1. What are the residues in the range 130-148 that are more than 9 Å from ligand 1 (Cβ to nearest atom) and over 19 Å from the mean Cα position of the chain (by Cα), if any?
2. Which of (1) outside any loop (DSSP other than H, G, I, E, B); (2) open to solvent by less than 20 Å² (accessible area, probe 1.4 Å); (3) in contact with a Lys or Arg (Cβ under 8 Å, 6 or more places away or on another chain) does A164 not meet, given it meets every other one?
3. From the set of residues in the range 140-175 that are in contact with a Leu (Cβ under 8 Å, 6 or more places away or on another chain) and among the basic types (K, R), which is farthest from K128 (Cα to Cα)?
4. For T231, only one of the following conditions fails: (1) open to solvent by 30 Å² or more (accessible area, probe 1.4 Å); (2) within 12 Å of ligand 1 (Cβ to nearest atom); (3) touching a Phe, Trp or Tyr at 6+ places or on another chain (Cβ under 7 Å). What is its number?
5. Look at the range 123-155 and say how many of its residues are of a type in the set (G, A, S) and buried (at least 18 other Cβ atoms within 10 Å of the Cβ).
6. Among the residues of the range 105-129 satisfying the criterion of being within 19 Å of the chain's Cα centre (by Cα) and β-branched (V, I, T), which is farthest from ligand 1 (Cβ to nearest atom)?
7. Output the residues belonging to the range 183-203 that are open to solvent by 30 Å² or more (accessible area, probe 1.4 Å) and not in a helix (DSSP H, G or I).
Amino acid sequence: MEGLAIRASRPSILCSLHLGGDSQRQPLSDGYLRLPVSSNAAANINLVASSVSFHPVSAINVSAQASLTADVPALSDNIVWHESSICRCDRQQLLQQKGCVIWITGLSTSGKSTVACALSKALFERGKLTYTLDGDNVRHGLNRDLTFKAEDRTENIRRIGEVAKLFANVGVICIASLISPYRRDRDACRSLLPEGDFVEVFMDVPLSVCESRDPKGLYRLARAGKIKGFTGIDDPYEAPLNCEVRRAEHTGHDVSCSPRQMAENIISYLLDKGYLEG
Ligand SMILES: Nc1ncnc2c1ncn2[C@@H]1O[C@H](COP(=O)(O)OS(=O)(=O)O)[C@@H](OP(=O)(O)O)[C@H]1O
Ligand SMILES: Nc1ncnc2c1ncn2[C@@H]1O[C@H](COP(=O)(O)OP(=O)(O)O)[C@@H](O)[C@H]1O
């Protein structure tokens, strides 16, 4: 095939390819980004790596002249990626499952933690290894320095995305359960992982239902103006446009399902995609 192959030090990044004004997203797998373009055209290609996971590309091998630039600051020229003698596929074989991230997003009290709990229990009963990163819990430790300002929420999500990626690389089914109100932040976490390994689950529960639950009394405080910037009240929530699994609960229509049923829906998805085998 006529084209251009660029070798990079990271196994999986997404790049935007700007070619004659067009922009495409290109997954980088097995260490190569392959571009189906003629070598003449390739002379003028400018590649912009646009993933937050992007580290300096240390090895570039182009069949024609092209430039590769990162739009995030390089950490250091002296950092080299170390390969391990045991790879992800060995660990997955051992565990008889494939690592992935189940990202549960939704308003406060939409039932994220309840579904996360039901899912980890149901998978445990099937002999599958999971680990749950719950927004509330992670904010007690790793993310204890972060507030609920937009930039701190972004950092909260970025860190949890990076940790979830490590778990997925171990071969664990990592369940991340946090409001993650911004589409851009969730998409950034998706782009850290190989295609298919990020399963976005949307707890599509109306604000009125969430507010009527209010087990911690936070909505009441937010309505009273005692908590500022509460998601759904005076802070935004951007619903996913293309999630893999959705839990819809619309009052007046019988489309809701129990946390247990929701967990089974996610498990069906994982079975269908082969994540529950080695
Ligand atoms: N201002 C504001 N907005 C939203 N939520 C708030 C806020 N202040 C505190 N809390 C409590 O913090 C929990 C959400 O933390 P997350 O880490 O999931 O939030 S985020 O993803 O960074 O937006 C959330 O827990 P859940 O109810 O489990 O979602 C709330 O209990
Ligand atoms: N499907 C459901 N129907 C009714 N109540 C639910 C449902 N799912 C969760 N709850 C209740 O709603 C409250 C919030 O659930 P939780 O899982 O903590 O939500 P989140 O993690 O999104 O804040 C809890 O009291 C929980 O028992």
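1. Across the range 130-148, the qualifying residues are H140, G141, R144, D145.
2. (3)
3. Checked the range 140-175; the qualifying residue farthest from K128 (Cα to Cα) is R153.
4. Of everything listed in (1) open to solvent by 30 Å² or more (accessible area, probe 1.4 Å); (2) within 12 Å of ligand 1 (Cβ to nearest atom); (3) touching a Phe, Trp or Tyr at 6+ places or on another chain (Cβ under 7 Å), T231 misses just condition (1).
5. Of the residues in the range 123-155, 1 are of a type in the set (G, A, S) and buried (at least 18 other Cβ atoms within 10 Å of the Cβ).
6. V115
7. Result: P194, E195, G196.
The values are calculated or read from the model by the stated rules, or taken from the named source; none is laboratory data. Note that the structure is predicted; figures quoted are calculated from it, not measured. Because the Cβ atoms are built from the backbone with ideal geometry, glycine has one as well, and the counts that use them run over all protein chains shown. SASA here: full protein model, heavy atoms, side chains in, ligands and nucleic acids out. Shrake-Rupley method; radii C 1.70, N 1.55, O 1.52, S 1.80 Å.
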